[in-house]
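Shown next, in structure tokens, is the structure this report addresses.
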Amino acid sequence: MCGFFGVVGSENSACHEIYEALISLQHRGQDAAGIVTHDDRFHLKKGNGLVRDVFRLKNMERLTGSSGIGQVRYPTFGGSTTEDAQPFVVNYPYGIAMAHNGNVTNGEEVKNWLSSQKRTILHSSCDVELILFTLAVELSEIGDLQPDSESVFAALKKVLERVQGAYSVATLISQFGMVAFRDPNGIRPMVMGSRENSDGTLSWACSSENIPLEILGYKNVEMIKAGEAVIFLPGKDPIRKQLVQRAHNPCIFEHVYFARPDSIIDDVSVYEARRNLGKQLANRWNERGLKADVVIPVPDSACTSASTMAQHIGVEYREGLVKNRYIGRTFIMPGQGDRTSGVRRKLNSIRSEFEGKDVLLVDDSVVRGTTSRQIVDLARAAGARKVFFASCSPPVQFPCVYGVDMSTRAELIAREKSEEQIAEAIGADAMIYQPISSLRKALKDAGSELHYCAACFDGEYPTPEVTAETLSAIEACRLGEQEKLKEESAEDMSPSRG
Ligand code: AMP
């Protein structure tokens with residue numbers, strides 16, 4: 001999952017606005033950050049690390065212009081090299097810059113098609129290049145030196161037909177404007193909004209979440225629809241077009257884990273959805289007839305649900321685990337070894353909240369089980385008598401092919417295991433999961449009529465190209481990437497022979 005923000009017509013410097021936006025989207029990726037702005041040409045700065053580490057004042061001064069896009073990156077699989085940092089810029093058939101959030105599921109097919117066009121050479125393993133070059137080729141077919149809105153829409157329609165998967169994209173076309181578009185199933189989120197400048201003109205922005213728009217004073221914030229493209233030309237009203245019509249299946253995991261609780265995604269409050277998850281999980285707990293002295297959340301994503309759950313089961317909610325906020329999400333570190341030590345560095349316990357008590361730990365999800373196993377150990381080391389573990393989401397049983405880091409079935413702890421077996425594997429006295437029907441109900445009760453993509457829980461992938469066969473091929477490719485990474489890190493660790 002990544003985060004991006006794009007703006008046209010900013011009366012302040014676009015770069016400063018984007019910087020602020022990326023800081024507020026940092027939870028969506030801590031691996032790399034980048035900004036490209038445009039005046040009479042593109043100005044780009046990107047690199048590995050947090051937003052505050054990538055940008056210095058001198059970089060910002062160079063990024064001039066009233067329009068631009070920025071991105072924070074979270075790698076889903078593969079390496080995390082600087083070449084993969086976004087945005088990407090091409091000069092063919094004219095300047096185009098692009099940033100995205102998502103994952104292409106027919107990458108090999110698109111690569112083959114692009115190489116048959118003999119007009120492009122890919123420089124990275126980042127999916128956005130596939131979308132960018134496909135758009136570049138389609139625009140070049142039109143042949144004009146300067147595109148108009150209709151030709152851009154026509155080219156984008158072809159992109160949406162050719163490139164499968166889940167993606168929200170912000171792109172800048174030199175001497176034209178900004179274009180935002182969302183995959184046909186609207187799996188990845190995107191919103192837009194406007195702000196009045198002091199001279200009465202409007203600046204327009206698009207973003208993965210509404211938070212930066214709120215912080216920067218944008219109004220009339222609304223979602224960009226599944227399969228829709230929006231063209232933002234400086235000083236004009238946006239032009240919107242529905243390019244492909246399919247069912248809208250947004251990612252349910254945004255509500256479970258990814259988005260900030262103060263976000264509204266596809267018109268649904270993440271906070272409300274998480275409160276409902278807690279309420280539903282309380283029902284499950286009561287059904288199981290278990291008893292605890294205290295409910296302790298795994299900070300941060302689980303806090304909202306855990307406090308609601310505690311209220312509904314009539315058990316005290318206590319913050320027994322303290323998170324060090326100054327290290328990135330441990331999940332993001334490559335290699336299981338790094339991940340393990342990271343969890344312990346990230347969380348510490350308050351002994352008095354555990355000692356001699358039956359403790360119910362609540363987390364948003366259990367994926368590989370690494371985090372939960374260590375947290376259970378932490379709870380026992382802090383003197384807990386019994387340790388129960390509850391997951392606000394159902395067992396993760398299938399890999400996400402749409403941009404969340406759950407790469408292969410083999411590494412998912414819940415795969416082919418009962419709640420009892422999972423409890424044993426993580427060392428808990430009992431384990432409870434949210435049933436999938438309750439997860440869907442939580443979203444419905446928060447006001448959504450949409451049928452969410454919950455493929456990681458139920459294996460129902462909403463895009464037609466994902467079949468049992470393609471899923472296995474995607475997994476095989478990911479395993480290959482993981483092997484390569486292991487070899488590379490082993491080489492890095494070996495003593496220098498020089
Ligand atoms: P695991 O240790 O693999 O079971 O990971 C589960 C923990 O990581 C939970 O505490 C979640 O809050 C968090 N988490 C779940 N999914 C993701 C993800 N895709 N990226 C980063 N962190 C995640």
Evaluate 2.2 N^0.38 Å with N set to the residue count of the range 409-457, then give the Cα radius of gyration divided by it. 1.42
Counting other beta carbons within 10 Å of each residue's own, what order do M178, M190 fall into, fewest first? M178, M190
Exposure proxy ranking, count of Cβ atoms within 10 Å, fewest first, for E228, E129, E419: E419, E228, E129
Take the Cα pairs of the chain, get the Kirkwood Rh, then feed it into Stokes-Einstein at 4 °C and 1.567 mPa s and tell me D in µm²/s. 55 µm²/s
Rounded FRET efficiency, nearest 0.05, which uses the C-beta distance separating A381 from T64 and R0 of 60 Å: 0.65
Taking a quarter of the surface of the Cα convex hull of the range 203-278, what do you get in nm²? 5.8 nm²
Lysines with Cα under 16 Å of K346, excluding same-chain neighbours fewer than 8 positions away: K323
Looking at the chain, send over the antiparallel percent of its DSSP beta bridges, to the nearest 5. 80 percent
Using the Cα atoms of the range 3-248 to build a convex hull, what is its mean projected area in square nanometres? 11.8 nm²
Beyond a 24 Å Cα-Cα separation, which of these cross-linked pairs lie in this structure: K111/K157; K158/K484; K386/K417? K158/K484
Most exposed first, judged by fewest Cβ atoms within 10 angstrom, W285, W204, W113 run W113, W285, W204
Taking the Cα centre of the chain as origin, work out the dipole magnitude from +1 charges on Lys and Arg Cβ and -1 charges on Asp and Glu Cβ, in debye rounded to 20. 920 debye
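We did not get these values from a lab; they are worked out from the coordinates using the rules stated. This is a predicted model, so every value here is computed, not measured. When we count neighbours, we look across all protein chains shown, and the Cβ atoms used for this are built from the backbone with ideal geometry, even at glycine.
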